[in-house]
Each structure stands twice: as C-alpha cells, then as structure tokens.
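> A single structure is presented below for examination.
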Amino acid sequence: MHFKTILFPTDMSKRSEAPLPYIMDLVRRHRSRVIVIHVVENLDELSHLNIPERPLEELNRERMTIARKKLKEFTIRNLGKLPGVSQEVIRGIPYRAIVETARKKKASIIVMGVHGGGGLESFLIGSNVLRVVRTAPCPVLTVREKP
C-alpha cells in the first residue's frame, strides 16, 4: 500500500496530538502529503443552545477566523518541519465534513485520535470517530491517547 495523502482531523487539543508519531512515520515511509483539518460546527445546527443575541452568521464567521489562526499555529508547532502539509478549517457536522473532505481530497488514509475517558464528551467524540470509520472512503487509523 502507498499512502499518498493523509487526512488528519484534529480538535487542536493536547490530546489530539496522539496520532502525530504515526503521521510522521507514514510521511517518512511513503513521502505522503498531510492535510490537517478542523471542523467548526455551525451554530445554527446547535439552535437548541442558548446563544447570545448576535447574528449567528457573524458568530460563525468569527469562530472560523479564530479556528484558522489556531489551526495554523497547531500545524506549524506539530508538523512544521514536514514538506507538503496544508491545513483547512471546514464548517459542518464533524464526521460528515471529515468523510466529505477525504473523498474530495482523495485521501489514502485518515489518521485520527480517539480520546479516552468518559462522559458526554467522550460519547460524542467516540460517536464521530465511529461514524468516520463506518463511512470513510479509505482506511482509518485511530490512535488512542496514552493514559
């Protein structure tokens, strides 16, 4: 197998760095390019939440701008020495956006973290990972953070 394009979805947390050694190894072995993505959920899709009286579109744009800046910093800090790395912030439902991006970019593999722990956050994150694994157009490597 040759992994030409690696898709690396991240929430940019410290925990999301667990897949980095695997990505570095794949890049070294296959001379892969890496596409780092972060998905920002549309606030209109979360309308059941109590949102301030600012227009949702304005809040969505602001969140996208902040996410682009943070993703650029995250990418430079963690993958800055690698050639062929790009990053993209996408609006949408996380698992759908990840799978769509994998299709559009013709990803050879998706490498993503699986956070340990419990509670609602773990359930929601696990649910996204499971949906990606079930619907991805390519292999998915999931990496659990070390305890």
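> Got a number for residues in the range 3-29 being crowded, with 17+ Cβ neighbours inside 10 Å, of a type in the set (Ser, Thr, Tyr) and not in a helix (DSSP H, G or I)?
The number of residues fulfilling the criteria is 2.
> Quick one: which of Pro147, Pro137 is part of a loop (DSSP other than H, G, I, E, B) and at pLDDT 95 or above?
Sole residue among the options that is part of a loop (DSSP other than H, G, I, E, B) and at pLDDT 95 or above: Pro137.
> Scan the range 64-118 residue by residue and report those that are in a helix (DSSP H, G or I) and of a type in the set (Val, Ile, Thr).
Thr65, Ile66, Thr75, Ile76, Ile98, Val99, Thr101
> Just to verify a result, which residue in the range 73-87, among those that are free of Cβ contacts under 8 Å to residues at least 40 places away in the same chain and within 16 Å of Ser13 (Cβ to Cβ), is surrounded by the fewest Cβ atoms within 10 Å (Cβ to Cβ)?
By that ranking, first place goes to Arg77.
> Take the range 89-107 and flag every residue that is buried (at least 17 other Cβ atoms within 10 Å of the Cβ) and free of Cβ contacts under 8 Å to residues at least 12 places away in the same chain.
none
The values are calculated or read from the model by the stated rules, or taken from the named source; none is laboratory data. Predicted model only: the values in this text are computed from it and were never measured. Positions of Cβ are generated from backbone atoms using ideal geometry, with glycine treated the same way; all protein chains shown enter the neighbour counts.
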